[in-house]
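All remarks here apply to the structure that follows.
The values are calculated or read from the model by the stated rules, or taken from the named source; none is laboratory data. These numbers were taken from a predicted model, which means no experiment stands behind them. FYI the Cβ positions are ideal-geometry reconstructions off the backbone, even for glycines, and counts take in every protein chain you see.
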Amino acid sequence: MCKSRIDGYKRDEVAGKDVVGTITQRTKTYGDYHMGVILREEVMELFEERYRQHHGCAMSLTHRGYLVDIVNKLARLAVNPTHIDSWHDVQGYAELIERQLTKEEE
C-alpha cells in the first residue's frame, strides 16, 4: 500500500481547522457544490459528444483533463462572473495547456 503524503498528520492539520468555514465561504463565492458538479458534467458531456461527432472517436483523457480544468472555472464564473481570481485561473490553465501542446508538437 502506498504511503499517503499526509501520514503522521492529524486531519485538521492538513485540511485546516475550520473546513466548515471554508465550505461556507466557497459556497457564497461559487454557489452550491453539487449543482456545480452537475453543470460541469453536463458541459463535459456536450464537449465529448461534439468531439465524437467531428472526429468519430473519443477525446483523449489528457485533452479531456485540460477541458475539465477550464470548465470547472467556467462553472464557478457562471455563479460569480466578477470573481477576478477565477478569470486568472482560466488564463493560467490556458497558458499551461498551450505550453504542453506546444511541447507535444515539437
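Do we have any residue at all in region 51-58 that's at positive phi and modelled with pLDDT under 95? No, every residue in region 51-58 fails to be at positive phi and modelled with pLDDT under 95. Taking region 20-58 as the range and being in a helix (DSSP H, G or I) and among the small types (G, A, S) as the test, the residues that pass are G21, G36.
Residues are listed down the side, and each one gets a yes or a no for (1) at pLDDT 95 or above; (2) surrounded by 10 or more Cβ atoms within 10 Å (Cβ to Cβ); (3) more than 21 Å from the chain's Cα centre (by Cα):
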position: R5; (1), (2), (3): no, no, yes
position: A15; (1), (2), (3): no, yes, no
position: T29; (1), (2), (3): no, yes, no
position: L46; (1), (2), (3): yes, yes, no
